[in-house]
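The values are calculated or read from the model by the stated rules, or taken from the named source; none is laboratory data. Just so you know, these numbers come straight off a predicted model, no measurement behind them. Cβ sites come from the backbone with ideal geometry, for glycine too, and all protein chains shown count toward neighbours.
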Amino acid sequence: MNLKETGKFVISLDLELNWGVFDVFTIQQYRNNLLGAREVVPELLKKFNQDNIHATWGIVGFLFFSNKDDLLKEVPDKVPSYDDMTLSAYQHIQQIGENEIEDPFHYGSQLIHLIKQFPNQEIATHTFSHYYCLAKGQCADNFETDLSKAITVAKKHHLSIQTIIFPRNQINQNYLTICKKHGVTRYRGCENHWLYKITGKQDNPIKRLMRLLDSYMNLSGQHIYDLDELIQKDDVINIPSSRFLRPYSKRLRGLEPLKLRRIKIAMEKAAKERKLYHLWWHPHNFGADLEESMKMLDKIITHYQMLNDRYGMESVHMGELANTLLNDSSKKKDEDFRENRGVSHAIYQKA
Ligand SMILES: [Zn+2]
């Protein structure tokens, strides 16, 4: 089927447990979400399997371990040189428990083992140490060390990493060549709007409030993407985000229908116009209220199924989408090449 014939629905998940939030919350503050995340993962996999949803799981490399000894053996010689060392996961290692049973917040080998058993789920990297590409003090060498470690550790689990989801969506354009050098050829970019521009500094409260409002009403547009435009140059392919899926909020439950409506409208537009809609979140977002958040997701998936029936919209993970785009573009190049050859052959015959 020609790529342009159907819209695409992509889901990506950032699996990080406490490695993604240790600088923001204490374990006590975020305990329910983190423990909940361990229940969310199997629930999502079950749901995705039932409804044939393909998804990309960007996983922090530290989570591949089940005990501290094995993790410590893989600590690279050079760790990130952030100006603010409280951002460094390596600073935090000393405080973690010995293994996954004793400390379910910092190890994820059981979860990864489970994800691997399900079909149509891509395992991507969320860097080895939840690395911040725009943080002050770090450098390209630091990033390369981190990325190659993430790839090596995944390889030991028979996984080939080709997709990256940058922590806190901090995308450093200069690092994309490093990704490419290591065979990582696609990443999740941000929405193309100033509200979603990531600078590496903490956003001011007004910007944060506007982003919250944007989840309920259309302030920034639909963020759906023309598939042809995703592959303009032969570089690392950006498969940008359409929306961060906020979990069910008890406090804002009156607004939940607006949030869903906003997502459904954009999905439908993408399906009709044969474009991309890309939704993402962290499993720990669902951790505090698994039941209500899963009900919310259920409504989104039911909507996708209607769009699949009506317009042929397809659920694909980031890797599948990138491969389809590349195949389509190389087919197009072949066709162009054949056409050109045909023309020159015709000229030759005339002469
Ligand atoms: Zn993260």
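Quick notes on this one:
- Any pair with Cβ under 8 angstrom, 6 or more apart, that starts in segment 158-177 at a residue that is within 11 Å of Phe143 (Cβ to Cβ) and ends at one that is in a loop (DSSP other than H, G, I, E, B) and more than 16 Å from the ligand (Cβ to nearest atom): Ile164/Val184; Leu176/Asp235; Leu176/Val236
- Filtered residues of segment 173-183 (kept if touching a helix residue (DSSP H, G or I) at 6+ places or on another chain (Cβ under 7 Å) and not in a helix (DSSP H, G or I)): His182
- Scanning segment 92-109 for residues that are surrounded by 15 or more Cβ atoms within 10 Å (Cβ to Cβ) and away from the ligand (no atom under 16 Å from the Cβ) yields a total of 8.
- Residue ID - nearest to the ligand (Cβ to nearest atom), chosen from residues in segment 60-74 that are surrounded by 14 or more Cβ atoms within 10 Å (Cβ to Cβ) and closer than 25 Å to Gly137 by Cβ: Val60
- On the stretch given as segment 26-59, residues that are within 13 Å of the ligand (Cβ to nearest atom) and over 10 Å from His284 (Cα atoms) total 3.
- Complete set of residues in segment 188-231 that are under 21 Å from Tyr132 (Cα atoms) and among the acidic types (Asp, Glu): Glu191, Asp203
Conditions tested, residue by residue: (1) at pLDDT 95 or above; (2) within 16 Å of the chain's Cα centre (by Cα); (3) within 16 Å of the ligand (Cβ to nearest atom); (4) closer than 22 Å to Leu87 by Cα.
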position: Gln162; (1), (2), (3), (4): yes, yes, no, no
position: Ile165; (1), (2), (3), (4): yes, yes, yes, yes
position: Arg168; (1), (2), (3), (4): yes, yes, yes, yes
position: Lys181; (1), (2), (3), (4): yes, no, no, no
position: Trp194; (1), (2), (3), (4): no, no, no, no
position: Ile198; (1), (2), (3), (4): no, yes, yes, yes
position: Gln202; (1), (2), (3), (4): no, no, yes, yes
position: Arg208; (1), (2), (3), (4): no, no, no, yes
position: Glu229; (1), (2), (3), (4): no, no, no, no
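- Filtered residue count, segment 1-25, keeping only those that are more than 16 Å from the ligand (Cβ to nearest atom) and assigned to a loop (DSSP other than H, G, I, E, B): 4
- Of the residues making up segment 188-209, those that are on the phi < 0 side of the Ramachandran plot and either in a loop (DSSP other than H, G, I, E, B) or in contact with a Leu (Cβ under 8 Å, 6 or more places away or on another chain) (or both) number 15.
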